[in-house]
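*Asks:* Okay, here's the structure, questions in a sec.
Throughout, read-outs are computed from the coordinates displayed, never taken from laboratory work. This is a predicted model, so every value here is computed, not measured. For neighbour counting, all protein chains shown are included, and Cβ atoms are generated from backbone atoms with ideal geometry for every residue, glycine included.
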């Protein structure tokens, strides 16, 4: 009998590989932090001897969610300014508050709050874009969540840096410090076409090519972003990115709400990943992404929450459900975006967007053990005729009871085992009192 | 000092009367099952002596939600057939399953499951339409939730009745049996224009006038319903209801998804209440209701979940959030449908639609004490800059910790005190095994 770390025996497993099949009465064997085997539960204890065995007879196991667009530290601004259009929200509320408060400690405490919420909600990897990435990395390392952390760049000064070169110098110092961490990867994160000049994009593009780094940016979030670009440059932001050589399979384009057919084709032929953040787009009144258009072009669609300041939840189950239901409603096609497809968007498609699909995003032998277990034996989820349906349409994130990242248990019986919730709440209240003073 | 039943002292109270004000540090005094007073917490213990005092220092209190369109017993068919268009879903799946299984016991057990979910989710009144209403009433009475129960009518035979007269005879027998119950009211519930003939509508209208009863029906749910009516009658269902004299302030029109300007005007001038069920409409691919159109006409808009077989959750917080976010996104107006307005739709507007607004729907002196308390001191909801925002955009139903109906405690520290969850789950599984055999 082979000795392994963990044997997890749920009722159902959805691998998030090709096809919509749900495995019944199979066990996942974890060894060395990786998915070592997936075998019928009737055989597993003849083959393996585990230090820990989980009998989860009411549970569905999924790959952990990949939140492909976040600004985690902004969770300290959750609910700070709501029901406002993006420009007012950003210029009159969020940026002034950030100018006054953003610091290493703000990012550290904000990221901690966000990571606690994300793990409780089943997120095992997040793709972050903010200031002081070294503070986020410190929390990521301590907690043991997987993260792709952006080297943020803007053309204007902030509390973090003065000019594009300063952002990049600080970013590369951060990258050098954390490059060997097993859970941390990095990418370039120029904020958006409307905050970055052509000259800076050229610099970013050069670094991206030389260092083989991904690029994470906002793209076509609002109609005015597109209109303003046409006024200033005569072309849309996507066309401008094409001219600058920024479009490519390593580009993670957050939002893609207002995309013409010509622009969708550009995203498609260049292999760009589109990262949808439908709750944030709706709440800011930016519009509703046309998923049908993106999928018909064969574009890889992943999902993100955006920040807590615009969403105001880091809940990937909400994002899946919102995208599924709204797309069915808008297209008047109930058979569009079934649960299995939405789960793939929230898992393997996210891993592909981040370039981490050899490591995570599905329950596949050899990949790292990033997984979650949802209890479907509740008043809300029963009867359970079809587990993916119960998961998608009936359950909430409060039914997520186990989260494993890189083979380690992070949530156990619904309780965080990697963070102290009371301490986080206390620190959050201190920040709230400070920030409210503006 | 006046002796009273309960003093409830939360951080915040939203009364759901006119205006968006949130009371801070006030207490609600309950006496004789009614809201006796709302006073500053600093004064309350000088004025009143209570049998029970609740110190809820992290909580927001709202009126209980009014689920204005439900088919509660169908919770046994939750997830039975998903991702299908309404006609296929109804004709090929739901109606055959109902033909095989619907009985007094099915309705009793299904209603129990639904009511457990509704109370956990903050619903204190529901407006139900189904067969065997006497079974639903039995559960309602036992549990102590408030319900407006429809006398279901169809033109074709079902397990419950043979023809319109048989439905009505059985319905009136049910009504006579339960008419003096303090938590139960009744109304007429002709299913929909496409399942009811003009002759039957005339009969229903006569009874509605003679007995001063409300009418609860489906109206303009799908585009094909409207198109088929134009083919068959030369007019839309709303125009047909106008001709038949069915439109009026006592009509609760569920759905109203595909409504022309002329039809919206008819709803408005007749004082009809529109009951939106946006999750169900989106999931069935029926479309998305145009709330802006309805509100601009001054129509009373209330919210419902529809049944668990199409939604698949009886979660009024989801309905509010979905309607708010989707309407902001579609109208590209982030300031549209703020939390206070959505909460009014889910509470006082529902009470108005059901004709129960003198009894419930807001926290007003003299009304019955139907209220809920939500804990906002969680990782998900903190920081809390504005409690209605935290409630609407960050919290889930799992943060609802207390529910009082008619002054009695039904949920306490998140636990149902009026029903046995284990027993409900066991009965549900027995039904699932039976139903799955089809």
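*Asks:* Which residue in chain B puts its Cβ closest to the axis that rotates chain B onto chain A, and at what distance in whole Å?
*Replies:* Chain B residue with minimal Cβ-axis distance: B:398, 2.
*Asks:* Between residue A:417 and residue A:209, what FRET efficiency follows from the Cβ-Cβ distance if R0 is 45 Å, with the result rounded to 0.05?
*Replies:* 0.60
*Asks:* To continue, here is another question. Between A:333, A:397, A:368, which gets the highest mean-square fluctuation from a Gaussian network model of chain A, Cα cutoff 10 Å?
*Replies:* A:333
*Asks:* Counting only other chains, what is the mean number of Cβ atoms within 10 angstrom of the Cβ of each residue in peptide B:74-85?
*Replies:* 6
*Asks:* Right, next: Say R0 is 22 Å: what FRET efficiency, to the nearest 0.05, do residue B:18 and residue B:182 get from their beta-carbon distance?
*Replies:* Rounded to the nearest 0.05, the efficiency is 0.20.
*Asks:* Percent of Cα-Cα pairs more than 56 Å apart in the protein assembly as shown, please.
*Replies:* 10 percent
*Asks:* Please compute the average number of Cβ atoms from other chains found within 10 Å of each residue's Cβ in peptide A:113-125.
*Replies:* Rounded to a whole number, the mean comes out at 2.
*Asks:* Here's something else I'd like to know. I'd like the orientation of helix A:133-143 relative to chain A: the angle between its Cα long axis and the longest Cα principal axis, in ° from 0 to 90, rounded to 10.
*Replies:* 10 degrees
*Asks:* Let me ask something additional. What distance in nm separates the two pseudo spin-label positions at residue B:235 and residue A:3, each 7 Å out from Cα along the beta-carbon direction?
*Replies:* Result for the modelled spin labels: 8.3 nm.
*Asks:* Turning to a different aspect of this structure: Return one number: the angle in degrees, 0 to 90 and rounded to the nearest 10, between the long axis of the Cα atoms of helix A:421-436 and the longest principal axis of the Cα atoms of chain A.
*Replies:* Roughly 20 degrees, rounded to the nearest 10.
*Asks:* What whole-number distance in Å separates the alpha-carbon centres of segment A:352-391 and segment A:1-51?
*Replies:* 13 Å
*Asks:* Further question on the same structure: Using Cβ contacts closer than 10 Å as the measure, can you line up A:347, A:236, B:206, A:378 from fewest to most?
*Replies:* B:206, A:378, A:236, A:347
*Asks:* Let me ask something else. If you put a point 7 Å past Cα along the Cβ direction, how far is that point for residue A:24 from the same point in each other copy, in nm, smallest first?
*Replies:* Going from nearest to farthest copy, the values are 5.6 nm.
*Asks:* Mind pulling the per residue volume of the convex hull built on the Cα atoms of chain A? Å³ is fine.
*Replies:* Here the figure is 135 Å³ per residue.
*Asks:* Please determine, in degrees from 0 to 90 and to the nearest 10, the orientation of helix B:223-233 with respect to the longest principal axis defined by the Cα atoms of chain B, where the helix direction is its Cα long axis.
*Replies:* 40 degrees
*Asks:* How far is residue A:177 from itself in the other copies, in nm, if each label sits 7 Å out from Cα along the Cα-Cβ line, shortest first?
*Replies:* Output for residue A:177: 7.3 nm, nearest copy listed first.
*Asks:* Within a 10 angstrom radius of each residue's Cβ in A:317-329, how many Cβ atoms of other chains show up on average? Whole number is fine.
*Replies:* For this peptide, the per-residue mean of nearby foreign Cβ atoms is 5.
*Asks:* So how do A:42-52, A:25-35, B:292-302, A:72-82 stack up, highest first, on mean other-Cβ count within 10 Å?
*Replies:* Taking the mean over residues of other Cβ atoms within 10 Å, the ranking is A:72-82, A:25-35, B:292-302, A:42-52.
*Asks:* Label-point separation (nm) for residue A:262 and residue A:224, each offset 7 Å from Cα along Cα-to-Cβ?
*Replies:* Label-label distance for residue A:262 and residue A:224, simple model: 2.4 nm.
*Asks:* Once the label point is set 7 Å along the Cα-to-beta-carbon vector, what list of distances in nm do you get between residue A:228 and its counterparts in the other copies?
*Replies:* 4.9
*Asks:* Quick check on the exposure proxy: order B:286, B:268 from fewest to most C-beta atoms within 10 angstrom.
*Replies:* Fewest to most other Cβ atoms nearby, the residues stand as B:268, B:286.
*Asks:* Further question on the same structure: Taking the beta-carbon count within 10 Å as an exposure proxy, list B:104, A:65 from fewest neighbours to most.
*Replies:* Starting with the residue having the fewest Cβ neighbours, the order is B:104, A:65.
*Asks:* When DSSP assigns beta bridges and you keep just the ones with both residues in chain A, what percent turn out antiparallel, to the nearest 5?
*Replies:* Among the beta bridges of chain A, antiparallel pairing accounts for roughly 40 percent.
*Asks:* Another question about this same structure. Considering only DSSP beta bridges whose two residues both sit in the protein assembly as shown, what percent are antiparallel, to the nearest 5?
*Replies:* Roughly 40 percent of the DSSP beta bridges within the protein assembly as shown come out antiparallel.
*Asks:* For chain B, what does -39500 (n - 2.57) per DSSP helix run (n ≥ 4), summed and divided by total residues, give at 222 nm, in deg cm²/dmol to the nearest 500?
*Replies:* The per-residue figure over chain B is -10500 deg cm²/dmol.
*Asks:* Over 13 Å apart: what share of the alpha carbon pairs of segment B:250-305 falls there, rounded to a whole percent?
*Replies:* Everything past 13 Å amounts to 53 percent.
*Asks:* Specify the residue with the greatest mean-square fluctuation among B:63, B:339, B:383, computed from a Gaussian network of chain B linking alpha-carbon atoms under 10 Å apart.
*Replies:* Of B:63, B:339, B:383, the most mobile in the Gaussian network model is B:383.
*Asks:* While we're here: Which of these, B:351, B:68, B:232, has the largest mean-square fluctuation under a Gaussian network model of chain B (Cα springs below 10 Å)?
*Replies:* In the Gaussian network model the winner is B:232.
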